[in-house]
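My questions all concern the structure below.
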Amino acid sequence: MTASNFNLQPDVLENEITKLIPLKEEHFEALFKAASDPLIWEQNPVNNRYQRDVFKTFFEIIITKGSFLILDKQTNEVMGTTSFYDYNPEKSSVAIGYTFITRKYWGGPYNKANKKLMIDYAFQYIDSILFHIGAENFRSQKAVLKLGAEKINDLTFNINGAGVPYFEYELKK
């Protein structure tokens with residue numbers, strides 16, 4: 001399989017724990033309900049994303065990416081969202097991000113199960129996966145290190161007109 005066959009939003013990715021389905025406009029209310037806990041966002045550079053208008057802006061961005069609604073495979077409860085983005089066929093790379101999961105699913109096998117689905121799928125087509133994580137988002141930094149990714153860059157992203165420090169991590173096939 002080649003990079004040119006890589007689909008940023010395959011129909012369904014699932015394992016025994018979790019199911020990723022393509023994100024659609026009609027998922028907004030259920031996803032906002034999941035996202036409306038301020039503690040989910042406390043280490044995120046946009047830490048008021050639990051507010052409806054701020055979350056709507058986030059949703060409008062992710063709906064244009066290869067985004068998924070994350071469901072608990074056993075209960076079909078909305079767990080959060082995650083996305084493929086910044087696909088680069090020349091570099092054989094894609095980024096995974098715009099991810100959050102509800103606190104109910106923190107600390108268990110869920111984040112790793114979600115990322116494993118995406119990583120295993122992507123590595124059928126590409127050689128490198130990137131993660132962009134806010135410099136203050138220690139939870140997410142720890143999570144990608146657990147996946148085997150290595151920090152490769154310090155970046156600055158423009159968020160709402162301000163330069164925000166981010167780290168770039170890479171996981172190689």
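Quick test of your reading of the structure: ALA35 fulfils all but one of (1) under 22 Å from GLN141 (Cα atoms); (2) in contact (Cβ under 8 Å) with a residue 24 or more places away in the chain; (3) surrounded by fewer than 19 Cβ atoms within 10 Å (Cβ to Cβ). Name the failing condition by number.
The number of the failed condition is (3).
Is it fair to say VAL78 is crowded, with 20+ Cβ neighbours inside 10 Å, farther than 17 Å from GLU14 by Cα and of a type outside the set (Lys, Arg)?
The answer is no for VAL78.
Hey, any hits in segment 16-36 for a residue that's of a type in the set (D, E, K, R) and within 30 Å of THR156 (Cβ to Cβ)?
Within segment 16-36, not a single residue is of a type in the set (D, E, K, R) and within 30 Å of THR156 (Cβ to Cβ).
Continuing with this model, one more query. What is the one condition in (1) within 22 Å of VAL164 (Cβ to Cβ); (2) modelled with pLDDT of 95 or more that MET79 does not satisfy?
(1)
Shifting gears a bit: For segment 1-47, name all the residues that are within 26 Å of ALA122 (Cα to Cα) and of a type in the set (Ser, Thr, Tyr).
THR2, SER4, THR18
Filter segment 123-138 down to the residues that are part of a loop (DSSP other than H, G, I, E, B), modelled with pLDDT of 95 or more and aliphatic (A, V, I, L, M) and list them by number.
Within segment 123-138, ILE126 is the sole residue that qualifies.
How many of the residues in segment 54-95 are of a type in the set (A, V, I, L, M), outside any helix (DSSP H, G or I) and touching a Ser or Thr at 6+ places or on another chain (Cβ under 9 Å)?
7
Testing GLY107 on (1) assigned to a strand (DSSP E or B); (2) without any contact (Cβ under 8 Å) to a residue 24 or more places away in the chain, one condition comes back false. Which one is that?
(1)
Please go through segment 44-63 and pick out each residue that is in contact with a Gly (Cβ under 7 Å, 6 or more places away or on another chain) and either surrounded by fewer than 16 Cβ atoms within 10 Å (Cβ to Cβ) or of a type in the set (S, T, N, Q) (or both).
Within segment 44-63, ASN44 is the sole residue that qualifies.
Give the residue that is farthest from VAL54 (Cα to Cα), with candidates limited to residues of segment 117-160 that are in contact with a Pro (Cβ under 8 Å, 6 or more places away or on another chain) and among the acidic types (Asp, Glu).
Result: ASP154.
The values are calculated or read from the model by the stated rules, or taken from the named source; none is laboratory data. No experiment lies behind these values; they were computed from the predicted model shown. All Cβ positions, even for glycine, are placed from backbone atoms using ideal geometry, and neighbour counts span all protein chains on display.
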